[in-house]
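> Attaching a single structure in structure tokens format; questions to follow.
Computed from the coordinates by the stated procedures, all read-outs in this text should not be read as laboratory data. Only a predicted model underlies this, so the values are computations on that prediction, with no experimental measurement involved. Positions of Cβ are generated from backbone atoms using ideal geometry, with glycine treated the same way; all protein chains shown enter the neighbour counts.
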Amino acid sequence: MKHAFINAKIYDFNKFSEDQYVIFDETILEVGNMSDFKDNNYEIIDCTDHLVLPSLVVGHTHIYSTFARGMSVPFNPTNFQEILDQLWWKMDRNLDNEMNYYSGIVSATDYMKNGVTTVIDHHASGVDIKGSLNTLKKAVTEDAGLRGLFCFETSDRFDVEACLDENLSFIEDNYSNVARGLFGLHASLSLSEETLVKISKVIKNYPIHIHVAESLMDQEDSLDKYNERVIERLDRHGLLNEDSIITHALFVSDEELDIIKKRKCVVALNVNSNMNNSVGLPDYKRFKEKGIPVILGNDGIASSITSEYLTLLYTMHLKDESPLKFGLGDIFEIINNTYNYVNRRLGTKLGRVEVGYSGDLITIPYIAPTTLNKGNALGHLFFGMFNSFKPNNVFCKGVKLVNNYKVSDDLTEKYREAKKYANKLWENIQKEDA
């Protein structure tokens with residue numbers, strides 16, 4: 001079915017226009033002035049007092065973390081390693097494919113309600129490694145209807161050979177504009193030399209997706225054991241392929257940044273998670289000065305991305321002790337970097353409301369109380385909408401996923417079923433603690 005937005009204000013982080021129509025299915029077919037609109041049996045969506053935007057992208061997440069919501073475990077960490085030991089590693093080693101599927105359903109549903117239709121996931125599940133990525137793919141892209149990039153966190157905590165096989169088989173079997181793979185690694189502190197050698201022998205030119213220097217402990221571990229910093233270690237093993245995602249990068253040296261730049265990698269920031277874990281904040285201006293593309297994720301801590309943009313702006317103002325060194329222009333660049341990254345990896349055209357771009361679009365009610373134009377549209381989004389960002393219509397590939405704030409009955413029913421699998425996970429964790 002072809003859809004038509006009419007009477008729309010359009011903003012795609014580059015262009016702003018009023019009194020527009022948009023005709024689209026899987027791709028955008030026409031954009032123009034309402035005076036030129038002709039109805040041809042389209043599904044009409046009147047966007048009076050709405051803003052039309054391209055749907056949003058999350059540059060790093062952990063889908064399985066949805067089942068941590070409300071979970072109670074003994075928790076008294078004194079450092080980042082103990083946060084992993086007492087919570088996340090306890091959780092992920094108990095995940096099986098049923099749990100993976102339903103965490104995918106919950107995460108995808110919550111994301112679409114927040115205007116997100118493309119996610120880059122970093123997965124781990126100790127009970128079921130084999131088939132875990134296809135399980136997530138089925139939940140997120142087939143049954144929920146989003147797009148995704150998936151990988152498995154290779155780690156010495158798991159069967160390394162199974163991790164390698166899962167990453168490689170998924171990458172090689174998935175090459176569409178809906179789902180593709182990256183090569184996942186957890187972090188240097190959980191990867192031995194033997195494991196990195198094994199990875200280097202099979203990885204080809206596939207980009208990696210890895211946590212780097214999320215805490216100072218990751219760098220200290222690498223320096224103590226290998227007498228080199230994390231990025232230097234990864235580079236020695238030839239793992240920093242183009243488009244690799246370096247997640248966090250809070251404690252990296254200038255020399256490491258030079259390597260990241262040389263290898264054409266990107267850095268994914270996740271500021272809310274960094275604050276929640278008390279590990280520190282990124283120094284964005286160093287990435288910018290080095291010319292390293294920065295994308296934005298949420299590390300699985302939330303089901304939105306707009307809250308991350310807000311937090312990034314405010315924390316950089318605090319870190320810089322100035323409201324001027326990091327501004328909406330930097331946010332604009334990061335948003336576009338994130339679109340550009342997934343477009344390269346998925347072969348899509350996301351992030352614009354122009355003919356030929358993907359029909360991944362959202363509408364959100366907004367009556368501007370002050371003048372709204374191209375020069376201040378991002379400011380309206382940031383200070384008028386991002387704090388409570390709930391689109392009423394969400395499309396991915398021209399398919400309506402959210403209709404007047406509601407998802408399909410089938411998806412809602414599966415969402416309800418997830419509780420059973422979350423409870424099973426929690427029970428298994430409690431048995432460990434007993």
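> Which condition breaks for Lys201 when tested against (1) in contact with a helix residue (DSSP H, G or I) (Cβ under 8 Å, 6 or more places away or on another chain); (2) surrounded by fewer than 16 Cβ atoms within 10 Å (Cβ to Cβ); (3) part of a helix (DSSP H, G or I)?
With (1) in contact with a helix residue (DSSP H, G or I) (Cβ under 8 Å, 6 or more places away or on another chain); (2) surrounded by fewer than 16 Cβ atoms within 10 Å (Cβ to Cβ); (3) part of a helix (DSSP H, G or I) applied to Lys201, the lone miss is (1).
> Based on this model, can you work out whether Glu142 counts as surrounded by fewer than 23 Cβ atoms within 10 Å (Cβ to Cβ), among the acidic types (Asp, Glu) and closer than 20 Å to Ile362 by Cα?
So Glu142 passes the test.
> Also, I was wondering about something else. Which residues, taken from the range 206-260, are more than 15 Å from Phe287 (Cβ to Cβ) and polar (S, T, N, Q)?
Those that are more than 15 Å from Phe287 (Cβ to Cβ) and polar (S, T, N, Q): Ser215, Gln219, Ser222, Asn227, Asn241.
> All but one of (1) at negative phi; (2) surrounded by fewer than 16 Cβ atoms within 10 Å (Cβ to Cβ) hold for Leu361; which doesn't?
Failing condition for Leu361: (2).
> Another one. Residues in the range 250-266: is at least one over 17 Å from the mean Cα position of the chain (by Cα), within 21 Å of Tyr309 (Cα to Cα) and basic (Lys, Arg)?
No: zero hits.
Here's the yes/no breakdown for (1) over 13 Å from the mean Cα position of the chain (by Cα); (2) not charged (D, E, K, R):
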| position | (1), (2) |
| --- | --- |
| Ile63 | no, yes |
| Thr66 | yes, yes |
| Met71 | yes, yes |
| Gln81 | yes, yes |
| Arg93 | yes, no |
